[in-house]
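Enquirer: Before I ask anything, here is the structure I am working with.
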Amino acid sequence: MVHYKKLNNGIRLIVKQMPGLMSVTMGILVHTGASAETDSEDGISHFIEHMMFKGTQKRSAFKISDDMDAIGAQVNAFTSKDVTCYYAKSTTSHAAEAFEILSDLFLNSTFPADEITREKGVIVEEINMNDDTPDDLCLDLLARAYYGESGYGRNILGPRSNVQGFTDADIKDYLNKHYTSENIVISMAGNIDISLAEELVEKYFSSLPFSPTDNKTVDVKLCGQALFCKKDIEQIHLALAFPSVKRYDRLFDATQIMNSVFGGSMSSRLFQKVREELGLAYTVYSYVSPYTEAGSLVIYAGVNAENYLTSAEAIMDCVRAIKSKDVTEGEFLRGKEQMLSSSIFSQESSSSQMLLYGKELIYSGRVYDFEERVKKINSVTLNDVFEAVEFNFDQNGFSSAIVGNVNGPLKL
């Protein structure tokens, strides 16, 4: 059963009941992230996510963790390009206590000055770790090559200089702009009573004043750049991006099936050609990255430094092959089954369901409909996949990134 309710102040609640479980995952999602930031704010969405755990009016940073541990619950958060999410997972018997703690850190954080100073050091080390993780660095560089310096091209962590300069006033200004009632969705999935879910949300969130969303569409202009980062490491990490479908594009499902055939699984052409047949890479894959205003089809590979040009050419051979529209009926059916099973598997995880239903409300304003989703996937035809092939792999906007012991960008 799925239950939806909108509070008078604009906050939305979605509950996916999963009675066969003994636990529940509860999330507070805010429709903001790196893409909503200005240059001076770059990195502040992620900084705020960290600071929310550093103390409230009645709990210290330690007590937040200790109180969750005392009831055997888990609490965490993440920041993406367009969503920030705070979530807790608990046994059904402790759902009320876990949600009270989660609500406290979300609504009543005090951002102590000493914690702000300390957390700046923590996040700078996170930036250092990212810089020492070449695959992450490569994909961040690819986003900048594809989208530019702002919007979806921003690194979620932000630059060190910004992080070191954030103040309490900066935090509160950003919260006032983006943590508005109409920007907030509370999503619960698992074994929880509907009346209890409503009672908890009304108790802790109904007193928030109404504040309209200020979300604007992200200004997207594909840059089509080729960027590189020289690092003295053993492998070469390369990534390519082609223009692809938006989040609710008519060809979204057909593109996902096409990607399964191309590079989304171990049986895909990319994996079989580059790794299994040629032995050029340990890791090679592709995925579709859709946003509301634009999307990309991303290809990533970590390859031997001596053979990186050969590897890049092998990848492009796979691109050229699928552009010839030689997808077989068998490949098409396998890709469709992978999509269907992925949707079904996600139904068995309360964490996946919490995010699925929460994000659908955030992005579209609609309640996710599993049966309708299955119908849409089943309705995709092989001709739709051929149309998706035609739509994807456009050279206009094609971008690349390479990280390793190289002296220039990838030339393809």
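Enquirer: Can you tell me which of ARG334, ARG275 is within 21 Å of ASP135 (Cβ to Cβ) and either β-branched (Val, Ile, Thr) or assigned to a helix (DSSP H, G or I) (or both)? Give the steps one after another, and end with the answer.
Expert: On the way: ARG334 fails: within 21 Å of ASP135 (Cβ to Cβ).
The unique qualifying residue is ARG275.
Every residue, every condition in (1) charged (D, E, K, R); (2) in contact (Cβ under 8 Å) with a residue 40 or more places away in the chain, yes or no:
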{"site": "GLN353", "(1), (2)": "no, yes"}
{"site": "ARG373", "(1), (2)": "yes, no"}
{"site": "ASN383", "(1), (2)": "no, no"}
{"site": "PHE386", "(1), (2)": "no, yes"}
{"site": "ASN392", "(1), (2)": "no, yes"}
{"site": "GLY397", "(1), (2)": "no, yes"}
{"site": "ASN405", "(1), (2)": "no, yes"}
{"site": "LEU410", "(1), (2)": "no, yes"}
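Enquirer: Scan (1) within 21 Å of the chain's Cα centre (by Cα); (2) outside any loop (DSSP other than H, G, I, E, B); (3) modelled with pLDDT under 95 for the single condition TYR357 breaks and write down its number.
Expert: Answer for TYR357: the failing condition is (3).
Residue by residue, here is whether (1) among the charged types (D, E, K, R); (2) under 27 Å from SER80 (Cβ atoms); (3) touching a residue at least 60 places away in the same chain (Cβ under 8 Å) holds:
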site	(1), (2), (3)
LEU280	no, no, no
VAL288	no, yes, no
ILE299	no, yes, yes
ILE322	no, no, yes
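Enquirer: Another question, if that's okay. With segment 158-251 as the region, which strands (runs of 3 or more DSSP E) entirely inside it contain at least 1 residues that are closer than 25 Å to ARG366 by Cα?
Expert: Details: elements: 184-190, 226-230, 235-243.
Strands (runs of 3 or more DSSP E) meeting the threshold: 184-190.
Enquirer: On to the next question. So, in segment 360-372, how many residues would count as being open to solvent by 50 Å² or more (accessible area, probe 1.4 Å) and part of a helix (DSSP H, G or I)? Lay out the reasoning, then the answer.
Expert: Restricting attention to segment 360-372, the residues satisfying the condition of being open to solvent by 50 Å² or more (accessible area, probe 1.4 Å) are 366-367, 369, 371-372.
Now drop any that are not part of a helix (DSSP H, G or I), which leaves 371-372.
Of the residues in segment 360-372, 2 are open to solvent by 50 Å² or more (accessible area, probe 1.4 Å) and part of a helix (DSSP H, G or I).
Enquirer: Related question: Of the residues VAL122, VAL75, VAL163, which is of a type in the set (Val, Ile, Thr), at pLDDT 95 or above and surrounded by fewer than 18 Cβ atoms within 10 Å (Cβ to Cβ)?
Expert: VAL122
Enquirer: What residue, among those in segment 132-148 that are under 17 Å from VAL303 (Cβ atoms) and in contact (Cβ under 8 Å) with a residue 12 or more places away in the chain, is surrounded by the most Cβ atoms within 10 Å (Cβ to Cβ)? Reasoning before the result, please.
Expert: At the first step, the residues of segment 132-148 found to be under 17 Å from VAL303 (Cβ atoms) are 133-139, 141-142.
Add one more test, that the residue is in contact (Cβ under 8 Å) with a residue 12 or more places away in the chain, and what stays is 134-135, 137-139, 141-142.
Details: PRO134: 20, ASP135: 15, LEU137: 18, CYS138: 25, LEU139: 18, LEU141: 24, LEU142: 28.
Here the answer is LEU142.
For every residue, the table says whether it meets (1) surrounded by fewer than 17 Cβ atoms within 10 Å (Cβ to Cβ); (2) touching a Phe, Trp or Tyr at 6+ places or on another chain (Cβ under 9 Å); (3) β-branched (Val, Ile, Thr).
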residue	(1), (2), (3)
MET1	yes, no, no
VAL30	no, yes, yes
SER35	no, yes, no
SER60	yes, no, no
ASP67	no, no, no
SER80	yes, no, no
THR92	yes, no, yes
ALA98	no, no, no
ARG118	yes, no, no
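Enquirer: Have a look at VAL319, VAL288, VAL298, VAL327 and point out the one that is assigned to a loop (DSSP other than H, G, I, E, B) and open to solvent by less than 50 Å² (accessible area, probe 1.4 Å). Quick ask: steps written out before the conclusion?
Expert: Values: VAL319 fails: assigned to a loop (DSSP other than H, G, I, E, B); VAL288 fails: assigned to a loop (DSSP other than H, G, I, E, B); VAL298 fails: assigned to a loop (DSSP other than H, G, I, E, B).
When all the criteria are applied, what remains is VAL327.
Enquirer: When you check GLY295 against the structure, is it closer than 21 Å to ASP136 by Cβ and in contact with a Lys or Arg (Cβ under 6 Å, 6 or more places away or on another chain), yes or no? Step through it out loud before you land on a result.
Expert: Details: closer than 21 Å to ASP136 by Cβ: yes; in contact with a Lys or Arg (Cβ under 6 Å, 6 or more places away or on another chain): yes.
Yes.
The values are calculated or read from the model by the stated rules, or taken from the named source; none is laboratory data. Quick caveat, the model's predicted, so the values are computed rather than measured. Glycine also receives a Cβ, built like all others from the backbone with ideal geometry; neighbour counts cover every protein chain displayed. Note: accessible area is taken over every heavy atom of the protein model, side chains too, but ligands, DNA and RNA are not part of it. Shrake-Rupley method; radii C 1.70, N 1.55, O 1.52, S 1.80 Å.
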